[in-house]
1. For D48, D30, D85, D9, give me the order by solvent-accessible area with a 1.4 Å probe, most accessible first, ignoring ligands, DNA and RNA.
2. Can you compute the FRET efficiency between K145 and L123 using 1/(1 + (r/R0)^6), with r the Cβ-Cβ distance and R0 = 25 Å? Round to the nearest 0.05.
3. For R160 and S3, calculate 0.36 nm times their separation in residues minus their Cα-Cα distance, and state this gained length in nm to one decimal.
4. Scan segment 46-98 for GluC sites (Glu not before Pro) in coil per DSSP, keeping those whose Cβ has at most 13 other Cβ atoms within 10 Å, and list them by number.
5. Take the eigenvalues of the Cα gyration tensor for the chain, scale each by 5, and report the square roots as semi-axes in whole Å, largest first.
6. Can you tell me the accessible area per residue over segment 16-100, all protein chains present, probe 1.4 angstrom, in square angstrom?
7. Out of the total accessible area of the chain (probe 1.4 Å, heavy atoms of protein only), what percent is carbon and sulfur?
8. Show that you can apply the helix-only estimate: for the chain, add -39,500 (n - 2.57) for every DSSP H stretch of four or more residues, divide by all residues, and state [θ] at 222 nm to the nearest 500.
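The values are calculated or read from the model by the stated rules, or taken from the named source; none is laboratory data. Because the structure is predicted, anything quoted here is derived from the model rather than measured. In this analysis, Cβ positions are derived from the backbone assuming ideal geometry, glycine residues included, and neighbour counts consider all displayed protein chains. Ligands, DNA and RNA are stripped out before the accessible areas are found, and what is left, the full protein with its side chains, is counted by its heavy atoms. Shrake-Rupley method; radii C 1.70, N 1.55, O 1.52, S 1.80 Å.
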Amino acid sequence: MTSTVLKTDRLILRKMKRTDLPNLMEIFSDPVAMRFYRSTKTKEQAEDWISWTLRNYRSYGVGLWIAEEKASGRILGQCGITPQDTGGVTEMEIGYLFARREWGKGYATEAALACKEYGFTSLNYRKLVSIINVHNLASIRVAEKVGMKKEKTFHRAGNRMHVYSITNS
Ligand SMILES: CC(C)(COP(=O)(O)OP(=O)(O)OC[C@H]1O[C@@H](n2cnc3c(N)ncnc32)[C@H](O)[C@@H]1OP(=O)(O)O)[C@@H](O)C(=O)NCCC(=O)NCCS
């Protein structure tokens, strides 16, 4: 059974597996990539992240997927759709985290646009959000390029977070 969920011009988004741990650790152990998260992650925390992802696949039919370069099979990062609390309400979020060596090549935007299309067209979602630390300018730019607009700002774990959103019109 294929684990491919989505394809774009340059990318394949496929389901995450337990054996992706070393791939994920490249991102999770990088303090620059994890600057806007609570901290870097240990292997145990990364294993919990994979467990959370596999639970999301079962419960919601979506979750974070592994982004691979189509041409080479190289693993670039993660992008997908997960349920998130946006200050009292649970909404479906497009999330993206890429390895630092791959930043600035348009991969996050390409993957996030594919997730938006999938969410609206195949899953018939009414709305998608991205929750972004107010200082995370690259992520804000990706949300804007996906067509999202700033909806509100709330506090989470001592940080100010923007909720960017788009509705299916
Ligand atoms: C956010 C992230 C996914 C973006 O990935 P990416 O593949 O580099 O994104 P893209 O190349 O598609 O687009 C990035 C955009 O941000 C812009 N950008 C990058 N750094 C920026 C900065 N410091 N200030 C303003 N804009 C910035 C780029 O110029 C580009 O916009 P442009 O196409 O208009 O020039 C990547 O930086 C990342 O993985 N960060 C760590 C994890 C993270 O913070 N994830 C988001 C959590 S909400």
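1. D9, D48, D85, D30
2. The value I calculate is 0.75.
3. 52.9 nm
4. Counting only loop positions with at most 13 other Cβ atoms within 10 Å, none of the GluC sites (Glu not before Pro) in segment 46-98 qualifies.
5. One finds semi-axes of 22, 19, 16 Å for the chain.
6. 49
7. Summing carbon and sulfur atoms, their accessible area is 49 percent of the total for the chain.
8. Value at 222 nm, helices only: -8500 deg cm²/dmol.
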